[in-house]
Amino acid sequence: MQEWRERGDPLVIERTFGSRLFDADGRSYLDANASWWSSSLGHGHPRLVAALRRQAESLCHTPLAGIAHAPAAELAEALCRVAPAGLEHVFFSDDGSTAVEVAMKLALQFWAQQGRPERRAFVALEGAFHGETLGATALGGVEVFRRPFEGALLECHHLPPPLEPGSLDRCVDALERTLARDTRRIAAVVLEPVVQGAAGMRLYDPAYLRAARELCDRYDVLLVFDEVMSGYGRTGPLWACAHAGIAPDVLCTAKGLTAGILPMAATLTTRRVFEGFLGDPERAFYYGHTFCGNPLGAAVALEVLRVFEDEHVLERAKPKALRIARAFAAMAALPGVTSVRSLGMIGALDLAGDAGYLARAGWRVYAEARARGAYLRPLGNVVYVTPSLNIPDADLDRLLAIVHESVTAAAGGA
């Protein structure tokens, strides 16, 4: 905050449309990260705006407390149809953090009601990010986010992800040893499937997910996939866990759920977990959110799924993903670039120098990109793009050119 107070220069955005942000001075910026990975269908998609308007004319809000309404019920059914196999029940909440918080509380209460109250620890990956609420913070492996709250967090074992070539067996072995040693105490393994977003768009082998599924089955531990960022086509398929061909016991989704129009989230789970809450009233899951399943968000989320189907969003994103892959592969030769990677509608590169979330190298690229008409927020020394899945090809090509030019300029080459 000290630096922000002294030198902060925010973009003052007045309106958005498609892949662009427009500031108070009339300048236009390409939105390189789809407003923190949420505006998967761009800004102001006319069908989503129309769905929001229609719903607002009849029912803006009523709590799901002895009350039902069609948008929430229809959305729950639609989500279960497109979800990985076996996910049959839906709990609505507010955003990605609360979707994960729901998953954690479900796991803790489920095991307590199975006669296993000692199962209160979790397993996550080093570099993980699962949200900002206090429960979800325990899962986080980005130390700058976690460190201020040490001592107030649930127990979590942070294990290495298989990021380096040849590391898969070692990382799977670490997971197996942890589950074997602490089976009696572990409630769930929580993973960002295939890509660790806030850690710097770090990609890992889907085989790790298959191993995690097999080990969680063997030791009877719940497997939770946080698809808040990776879901809704960001990595190619609708869900990132499809790369591994497996399904979790619990899945968390937000961001793309309403394509960035409204805050809303959902936590999906299996019949086994759901049935663990049946019986006496005290076994219920008492975690009601005021805006849980709100009609406006539900109506928009339903329309998002229809747009994905009607406009063939995933299929049409494939050639755009190839454009991103080619552009970032070419940037591997730029001065100061140490590595590049891409998956689906994600492209990322690492810059030389200090690593970590507070590294400054990426911010030099941010400044160059902003001057050229792109909002390119870095993750420390990681420069990345996660544009809307339906970004026009001309805008995508211009965005990728700006990234190339900005990296070059920040390195002193232009």
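The values are calculated or read from the model by the stated rules, or taken from the named source; none is laboratory data. Not measured: the values here are computed from a predicted model. Glycine gets a Cβ as well: all are built from the backbone with ideal geometry, and neighbour counts include every protein chain shown.
Taken over the range 273-282, the residue count meeting the criterion of being part of a helix (DSSP H, G or I) and within 25 Å of Ser97 (Cβ to Cβ) is 2. Within the span defined as the range 203-214, every residue fails to be more than 22 Å from Gly127 (Cα to Cα), assigned to a loop (DSSP other than H, G, I, E, B) and more than 12 Å from the chain's Cα centre (by Cα). Only residues that are over 23 Å from Met201 (Cα atoms) and in contact (Cβ under 8 Å) with a residue 40 or more places away in the chain were counted in the range 1-20, giving 2. The set of residues in the range 329-340 being outside any strand (DSSP E or B) and either under 23 Å from the mean Cα position of the chain (by Cα) or of a type in the set (A, V, I, L, M, F, W, C) (or both) consists of Ala329, Ala330, Met331, Ala332, Ala333, Leu334.
Taking the range 341-375 as the range and being crowded, with 18+ Cβ neighbours inside 10 Å, part of a loop (DSSP other than H, G, I, E, B) and modelled with pLDDT of 95 or more as the test, the residues that pass are Gly344, Met345. Residues that are of a type in the set (A, V, I, L, M) and either surrounded by fewer than 24 Cβ atoms within 10 Å (Cβ to Cβ) or under 16 Å from Met201 (Cβ atoms) (or both) within the range 226-257 comprise Val228, Met229, Leu238, Ala240, Ala242, Ala244, Ile246, Ala247, listed in sequence order.
Residues that are in contact with a helix residue (DSSP H, G or I) (Cβ under 7 Å, 6 or more places away or on another chain) and among the small types (Gly, Ala, Ser) within the range 64-121 comprise Ala72, Ala78, Ser93, Gly96, Ser97, Ala121, listed in sequence order. When the range 187-201 is limited to residues that are out of contact with any Gly (no Cβ under 6 Å at 6 or more places or on another chain) and assigned to a strand (DSSP E or B), the one that is farthest from Val228 (Cα to Cα) turns out to be Ala187. From the list Glu132, Glu118, the one residue that fits, being within 22 Å of Gly197 (Cα to Cα), assigned by TED's automatic domain parsing to the domain that holds Thr98 and of a type outside the set (A, V, I, L, M, F, W, C), is Glu132.
On the stretch given as the range 104-126, residues that are small (Gly, Ala, Ser) and touching a His at 6+ places or on another chain (Cβ under 9 Å) total 2.
Scanning the range 283-300 for residues that are surrounded by fewer than 18 Cβ atoms within 10 Å (Cβ to Cβ) and either in a helix (DSSP H, G or I) or not assigned by TED's automatic domain parsing to the domain that holds Pro84 (or both) turns up just one, Arg283.
Residues in the range 376-414 that are outside any helix (DSSP H, G or I), surrounded by 18 or more Cβ atoms within 10 Å (Cβ to Cβ) and of a type in the set (Gly, Ala, Ser): Gly380, Ser388, Ala411.
Take Ala72 and tell me if it is touching a strand residue (DSSP E or B) at 6+ places or on another chain (Cβ under 9 Å) and either surrounded by fewer than 21 Cβ atoms within 10 Å (Cβ to Cβ) or not acidic (Asp, Glu) (or both). The answer is yes for Ala72.
Please find, among Gly166, Gly140, the residue that is within 14 Å of the chain's Cα centre (by Cα) and not assigned by TED's automatic domain parsing to the domain that holds Leu349.
Of the residues listed, the single one that is within 14 Å of the chain's Cα centre (by Cα) and not assigned by TED's automatic domain parsing to the domain that holds Leu349 is Gly140.
Val194: surrounded by 23 or more Cβ atoms within 10 Å (Cβ to Cβ) and under 19 Å from Pro117 (Cα atoms), yes or no? In short, no.
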